Amino acid sequence: MSLIEPTPPSAPAASAPAASALVPAGASPAGPAWRRTFAEAAVIAASAGLVALAVNAFRPAGLPLVAPEPYEVLVPCPEPGGPVAPVEPSDSSLRGPRVFLVDARDPGAYRRGHVPGAVNVPYDWLDPLPQAALHELARRIAASGATRVVVYGDGGRPDSGEHLGREISGRGIRNVGYVRGGAPALVPGGAS
Amino acid sequence: MSRHAIAAWLALPARWYLGGLFVLASLHKIAVPHDFAIDVATYGILPLALVNPVAIVLPWVELVAGLMLLLGARVRAAALLVAAMVAVFLAALVIALARGLDMSCGCFASQGAESDPISWLTVVRDLAWLGLSVLVLCCDRGFLGFDGYQKWKGAHA
């Protein structure tokens, strides 16, 4: 099976098989041998391509040569996310002065009941937290003198508190945790 | 045993590994070209007019190059094709990762982003494959293959 006509004997590098066997592969004079390799690769690729097109033309599952309309590509949006540590609702440090509490639920749920001192930053499942809101949150955390931020959400699956925690952690706020079980585990009637 | 001989013997398992890998990688893409076309489109690099031609032709080039490596026929040309394909895959992967796409690699069966996500580990894996294909390209002497048989026949003619 010869894909390419053999090089004439006058060409030194692509010489007879017995001679090339004595020269370490890759160490032979580069020019003609590499040209021959490239040419063979092109012929192999072209042959495979022709077979592919022929098979595609005759098979029921074949594709049209040009897609009539764009493919529906579903790629999840990249979500910035940082590390968050789970915190048990019974953790006594939650009520301490060094903890800044964030309520990730919607404003209605927050008004119905929240942990004293918690700041409401509603988590939006579709859109990231606006930059201005993030800056305001960071400013309030810094002003509070807290060393730890703990977020609680609706306690659902997925939990809005955990997600907001990941988001603000990924956007530069450090030492963030979330309350396992969310508001229902912390606030009487928090499930509403 | 000389350094060249050792490299030539190391190239043999590398050749078989790459050959098997590319044959395996091509099978699902050939069987279900529509899935592979979606994978190609997901990278968002090629214009729509080129998505289907690439999805049709590329798996067959993988299959033929893989079979030639397994059989040891025209090894350098097949290894060159494999190296070129891996280099293209690497470039596509890096572009997708730089764009932050959370998607399937599309290297083998289309499994979805959850079970076969692209990552920098995928890049490292492809770099290793590129290294193996360069080893085969430069060092393989056709042992236990069609090329070696041709050389042996030529030497004993």
Restricting to region A:136-172, name every residue that is surrounded by 24 or more Cβ atoms within 10 Å (Cβ to Cβ) and among the small types (G, A, S). A:G153, A:S160, A:G161, A:G165
Which condition from (1) under 24 Å from B:A14 (Cβ atoms); (2) in contact with a Ser or Thr (Cβ under 9 Å, 6 or more places away or on another chain); (3) facing chain A (nearest Cβ under 10 Å) is the one that B:G106 breaks? (3)
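Does A:V179 count as of a type in the set (A, V, I, L, M), at pLDDT 90 or above and open to solvent by less than 20 Å² (accessible area, probe 1.4 Å)? Steps first, answer last, please.
Values: of a type in the set (A, V, I, L, M): yes; at pLDDT 90 or above: yes; open to solvent by less than 20 Å² (accessible area, probe 1.4 Å): yes.
Answer is yes for this residue.
Give the residues of region A:67-85 that are within 7 Å of chain B (Cβ to nearest Cβ) and either closer than 30 Å to B:A31 by Cα or at pLDDT 85 or above (or both), sorted by residue number. Even if it seems obvious, please write down each step before you answer.
If we filter region A:67-85 for residues that are within 7 Å of chain B (Cβ to nearest Cβ), which is where we start, we get A:67, A:70-71, A:73, A:75-76, A:78.
If the condition is that a residue be within 7 Å of chain B (Cβ to nearest Cβ) and either closer than 30 Å to B:A31 by Cα or at pLDDT 85 or above (or both), then A:A67, A:P70, A:Y71, A:V73, A:V75, A:P76 are the ones that fit.
Conditions tested, residue by residue: (1) open to solvent by less than 40 Å² (accessible area, probe 1.4 Å); (2) touching a His at 6+ places or on another chain (Cβ under 9 Å); (3) at pLDDT 90 or above.
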{"residue": "A:V99", "(1), (2), (3)": "yes, no, yes"}
{"residue": "A:L126", "(1), (2), (3)": "no, no, no"}
{"residue": "A:L134", "(1), (2), (3)": "yes, no, no"}
{"residue": "A:R174", "(1), (2), (3)": "no, no, no"}
Being of a type in the set (V, I, T) and at pLDDT 95 or above narrows it down to one residue among B:V61, B:V51; which is it? B:V61
Consider B:V32 carefully, then state whether it is over 29 Å from B:L137 (Cα atoms) and of a type in the set (A, V, I, L, M). yes
Of everything in region B:59-79, what is in a helix (DSSP H, G or I) and within 8 Å of another protein chain (Cβ to nearest Cβ)? Give them in sequence order. B:P59, B:W60, B:V61, B:L63, B:V64, B:A65, B:M68, B:R76, B:A77, B:A78
Is at least one residue of region B:39-46 facing chain A (nearest Cβ under 9 Å), open to solvent by 40 Å² or more (accessible area, probe 1.4 Å) and free of Cβ contacts under 8 Å to residues at least 24 places away in the same chain? no
Residue list for region B:47-106, filter: of a type in the set (A, V, I, L, M, F, W, C), over 16 Å from the mean Cα position of the chain (by Cα) and open to solvent by 20 Å² or more (accessible area, probe 1.4 Å): B:L48, B:A49, B:L50, B:V94, B:I95, B:L97, B:A98, B:L101
Looking at (1) modelled with pLDDT of 50 or more; (2) more than 9 Å from chain B (Cβ to nearest Cβ); (3) open to solvent by less than 80 Å² (accessible area, probe 1.4 Å); (4) part of a loop (DSSP other than H, G, I, E, B), which one does A:P64 not meet, given that it meets all the others? (2)
Report, ordered by the first and then the second residue, all pairs with beta carbons closer than 7 Å, sequence separation of six or more or different chains, a first member in region A:45-56 that is under 9 Å from B:V57 (Cα atoms) and open to solvent by less than 50 Å² (accessible area, probe 1.4 Å), and a second member that is at pLDDT 95 or above and of a type in the set (G, A, S). none
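The values are calculated or read from the model by the stated rules, or taken from the named source; none is laboratory data. Just so it is clear, the model here is predicted, and its values are computed rather than measured. Cβ coordinates were reconstructed from backbone atoms using ideal geometry, including for glycine residues, and neighbour counts include every protein chain displayed. Heads up: the accessible areas ignore ligands, DNA and RNA and are worked out on the full protein's heavy atoms, side chains in. Shrake-Rupley method; radii C 1.70, N 1.55, O 1.52, S 1.80 Å.
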